[in-house]
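For reference, the structure discussed in these notes is given below.
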Amino acid sequence: MALIYIIEDDENIREIESFALMNAGHKAVGFACAKDFYKGLESVIPDLCLVDIMLPDENGNEIVRKLRKNPLTRTIPVIMVTAKTTELDLVRGIEDGADDYIKKPFSVMELISRVKALLRRTSTGEAKELNLDELTINNEKREVSVNGEVKELTFKEYELLSALVLNKGIVLTRETLMEKVWGTDYEGESRTLDMHIKTLRQKLGDYGQRIRTVRNVGYIIE
């Protein structure tokens, strides 16, 4: 059972999300505004957050940016719930640190599927540390550094990089990466993968150039 925080000012939507999550075996706590959400974080850190973009006191993008800047909350998986569907809006959410997004209106099945995929962890038998030249992935701290400099990655960016490094020198198809990182039941657009690869490269700086696109196939880290 996971503890999931819902930040949504629409009471009807908040209740639908809470009911669906509880039926799926999770514990859901709802907040109508950012202020109440921050108070909740002071008591308990959740396993995942559903964040609406349009809130009365603070934009959802700003909430995500604050979560990523705080060492105590920076690794919390975040799904943004948005009525904004332009590519620019979606890219902005990913760049701010969101791991996934759901477009309104959405089905209960889609919500549960996205939550299930994002909560899926690969902790069993996981190496404590992965290294590739100047890159270090510390799985105990869930921390990535290049030449000793820590890079702030979202949950999905971290999972993508880990998958690539574990298979260094091997081309991973788009389908393989989608299955490893988003789960077999993920039905989102494939451009989500491209967005995450783009922001991952940017955050890794010069090292990001080692993540190479193999046209019409997938990605490889060399």
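The values are calculated or read from the model by the stated rules, or taken from the named source; none is laboratory data. These figures come from a predicted structure and were not determined experimentally. Methodologically, a virtual Cβ is constructed for each residue, glycine included, from the backbone with ideal geometry; neighbour enumeration extends over all protein chains shown. Ligands, DNA and RNA are stripped out before the accessible areas are found, and what is left, the full protein with its side chains, is counted by its heavy atoms. Shrake-Rupley method; radii C 1.70, N 1.55, O 1.52, S 1.80 Å.
Please go through (1) of a type outside the set (Asp, Glu); (2) part of a strand (DSSP E or B); (3) open to solvent by 30 Å² or more (accessible area, probe 1.4 Å) for Lys39 and return the number of the only condition it doesn't satisfy.
Of (1) of a type outside the set (Asp, Glu); (2) part of a strand (DSSP E or B); (3) open to solvent by 30 Å² or more (accessible area, probe 1.4 Å), only one is false for Lys39: (2).
Take segment 42-63 and flag every residue that is closer than 20 Å to Leu3 by Cβ, assigned to a helix (DSSP H, G or I) and at pLDDT 90 or above.
Gly60, Ile63
Among the residues of segment 8-18, is there at least one that is of a type in the set (A, V, I, L, M, F, W, C) and closer than 20 Å to Phe155 by Cβ?
No - not one qualifying residue is present in segment 8-18.
Going through Ile211, Ile220 one at a time, which residue ends up being under 30 Å from Lys103 (Cβ atoms) and either touching a Lys or Arg at 6+ places or on another chain (Cβ under 8 Å) or charged (D, E, K, R) (or both)?
Ile211
Out of all the residues in segment 171-192, is one or more farther than 29 Å from Glu110 by Cα, modelled with pLDDT of 85 or more and open to solvent by 40 Å² or more (accessible area, probe 1.4 Å)?
Within segment 171-192 (the criterion being farther than 29 Å from Glu110 by Cα, modelled with pLDDT of 85 or more and open to solvent by 40 Å² or more (accessible area, probe 1.4 Å)), the answer is yes, since at least one residue qualifies.
Can you pull out the residues in segment 1-21 that are open to solvent by 50 Å² or more (accessible area, probe 1.4 Å) and out of contact with any His (no Cβ under 7 Å at 6 or more places or on another chain)?
Asp9, Asp10, Glu11, Asn12, Glu15, Ile16, Phe19
Give the number of residues within segment 53-81 that are of a type outside the set (A, V, I, L, M, F, W, C) and either within 21 Å of Arg142 (Cα to Cα) or buried (at least 22 other Cβ atoms within 10 Å of the Cβ) (or both).
Total satisfying the criteria: 11.
Here are the criteria: (1) of a type in the set (Gly, Ala, Ser); (2) open to solvent by 20 Å² or more (accessible area, probe 1.4 Å); (3) outside any strand (DSSP E or B). Tell me which single one Gly30 does not satisfy.
(3)
Can you run down the residue pairs with Cβ atoms below 7 Å, 6 or more apart or on separate chains, where the first is in segment 192-214 and within 18 Å of Val146 (Cα to Cα) and the partner is aromatic (Phe, Trp, Tyr) and assigned to a helix (DSSP H, G or I)?
Within 7 Å, no pair qualifies.
Go through segment 141-162 and give me each residue that's on the phi > 0 side of the Ramachandran plot and open to solvent by 60 Å² or more (accessible area, probe 1.4 Å).
Within segment 141-162, Asn147, Gly148 qualify.
Show the residue pairs that are 6+ apart or on different chains and have beta-carbon atoms under 9 Å apart, the first residue being within segment 96-124 and of a type in the set (Ser, Thr, Tyr) and open to solvent by 50 Å² or more (accessible area, probe 1.4 Å), the second being at pLDDT below 85 and not in a loop (DSSP other than H, G, I, E, B).
Thr122/Lys180
Ala24 fails exactly one of the following numbered conditions: (1) aliphatic (A, V, I, L, M); (2) out of contact with any strand residue (DSSP E or B) (no Cβ under 9 Å at 6 or more places or on another chain); (3) open to solvent by less than 20 Å² (accessible area, probe 1.4 Å). What is the number of that condition?
Condition (3) is where Ala24 drops out.
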